[in-house]
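The values are calculated or read from the model by the stated rules, or taken from the named source; none is laboratory data. None of these values were measured; they are calculated from a predicted model. Because the Cβ atoms are built from the backbone with ideal geometry, glycine has one as well, and the counts that use them run over all protein chains shown.
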Amino acid sequence: MEPVVLDEVTSTNDVARELAGSGCPEGTVVLAARQSRGRGRLGRHWASDQGGLWFSLVFRPAPEHGVVSRLSLVSAVGSAEGVTETTQLRVGLKWPNDLYMKGKKVAGILHELGRDWVVAGIGINVNQLSWDGEMAVPPTSLRLETGRRQALEPLLAAVVRRTFVRYRQALSGDWALVRDAWRELSITLGHVVLVSMPGQCFEGEALDIDEDGNLLVKTGDEVVTVMAGDVTLARRKAGWQCRDA
Ligand code: BTN
C-alpha cells in the first residue's frame, strides 16, 4: 500500500487517527517531512525537524486476539530490526519501545488507541546532526552513528515490513517469538531502574516482561508489574530522583 506522504503536519498521529476513525485499511502509513507539534510518550514534545523519519502506522487488531497491549513491543522489535537491516547498526530496546545506540536515544514510538484501531507513531532520528534545546535523554541519529547520510525510503520500507512480520506472529499465536526477540534486544532487563508511574516512583531490578509486555520490577521483596510509565536506566548517579511520570 502506498504511504500517504505529506510535507508538514501537526503530527502524523493526528492524520492517521483521523483516517483510522473514517475507516482506512490496516497497514495505512502516514509520513511527513516535518511535524509542527510532534509528540512523545507521557505528553512530551518530540523534536521533528526535517531530516528524520516521522510516520504512523494503522493497526486494526481484532479484540479476540488480545494483541493490543502487546503492540508496543511488536513495533519496538519491528523498528529495531528494520533499522539494523538497513544500517547494520546494533539497536538496544529500553522498555517499552525506545531505541538506543551506545547510550543515546535514536528513536521512539507513541501508540494511541481508538475504538477499533491502534496508531503506532514511529519517530527515527535519521539525518539530523544536532538538536535545539535541552533533551531529557541524549539523542543520536543514524547519520551520526554511521558517518553517512541515510536514505529514508528503504528505512521506512524495512521498518514497516519487519513490524508487520512481528504483528502477524503476535496475531497467529507466535507471540513468544516476539517476546523473545524483545528480550534479546533489551537494554533494560537485568538492570537497576528507576520507575516513575502515576502516583508512584521506586527503584528496583528489571526482571522480565510478562505475557502482555508489562515490565516486572523487583523492589525489596515485592515484584511490581509496570504497565505504563517511565523507566530510567541507572548507574546510581547524583541527581537521580523521582519526577512526575
Ligand atoms: C517517545 O519516545 O516519547 C515517542 C516518540 C514518538 C514520535 C513519533 S514521530 C511520528 C509520530 N507522530 C508524533 O507526533 N509522534 C510519533
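Brief remarks on what is shown
Each row is one residue, and each column tells you yes or no for (1) in contact with a helix residue (DSSP H, G or I) (Cβ under 7 Å, 6 or more places away or on another chain); (2) of a type in the set (A, V, I, L, M); (3) within 19 Å of D49 (Cβ to Cβ).
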| position | (1), (2), (3) |
| --- | --- |
| L129 | yes, yes, yes |
| E134 | no, no, yes |
| L152 | no, yes, yes |
| L156 | no, yes, yes |
| L171 | yes, yes, no |
| W182 | yes, no, no |
| L189 | yes, yes, no |
| L194 | no, yes, no |
| P198 | no, no, no |
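- Some residue of the range 169-176 being assigned to a strand (DSSP E or B), modelled with pLDDT of 95 or more and of a type outside the set (V, I, T): no
- Selection of the range 1-32 for residues being away from the ligand (no atom under 12 Å from the Cβ) and touching a Gly at 6+ places or on another chain (Cβ under 8 Å) yields M1, A20, G21.
- Residues of the range 33-58 that are surrounded by fewer than 15 Cβ atoms within 10 Å (Cβ to Cβ) and near the ligand (Cβ under 6 Å from one of its atoms): R44 alone.
- With respect to the conditions (1) at pLDDT 95 or above; (2) under 15 Å from L113 (Cα atoms); (3) not basic (K, R), T10 falls short on a single one, namely (2).
- Considering residues of the range 91-113 that are part of a loop (DSSP other than H, G, I, E, B) and over 22 Å from V226 (Cα atoms) only, the residue farthest from the ligand (Cβ to nearest atom): K102
- Residue match in the range 62-73 (condition: crowded, with 19+ Cβ neighbours inside 10 Å and within 8 Å of the ligand (Cβ to nearest atom)): no
- Qualifying position, being farther than 23 Å from E205 by Cβ and more than 14 Å from the ligand (Cβ to nearest atom), among W117, W131: W117
- Scan of the range 79-90 for residues that are at negative phi and either surrounded by fewer than 21 Cβ atoms within 10 Å (Cβ to Cβ) or more than 15 Å from the ligand (Cβ to nearest atom) (or both), ordered by number: E81, T84, E85, T86, T87, L89, R90
- Residue within the range 20-27 that is among the acidic types (D, E) and surrounded by fewer than 18 Cβ atoms within 10 Å (Cβ to Cβ) present: yes
For (1) over 16 Å from the mean Cα position of the chain (by Cα); (2) polar (S, T, N, Q); (3) over 15 Å from L185 (Cβ atoms); (4) not in a helix (DSSP H, G or I), each residue gets a yes or a no:
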position: A20; (1), (2), (3), (4): yes, no, yes, no
position: R34; (1), (2), (3), (4): yes, no, yes, yes
position: D49; (1), (2), (3), (4): yes, no, yes, yes
position: V83; (1), (2), (3), (4): no, no, no, no
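- The conditions of being closer than 27 Å to P63 by Cα, buried (at least 20 other Cβ atoms within 10 Å of the Cβ), touching a residue at least 12 places away in the same chain (Cβ under 8 Å) and not aliphatic (A, V, I, L, M) are not met by T188.
- For the range 153-174, a residue qualifies if it is within 18 Å of the chain's Cα centre (by Cα) and either more than 28 Å from V4 (Cβ to Cβ) or among the aliphatic types (A, V, I, L, M) (or both), and the qualifying residues are L155, L156, A157, A158, V159, V160, V165, A170.
- Residue selection: V119 satisfies the criterion of being in contact (Cβ under 8 Å) with a residue 60 or more places away in the chain, surrounded by 17 or more Cβ atoms within 10 Å (Cβ to Cβ), assigned to a strand (DSSP E or B) and within 16 Å of the chain's Cα centre (by Cα).
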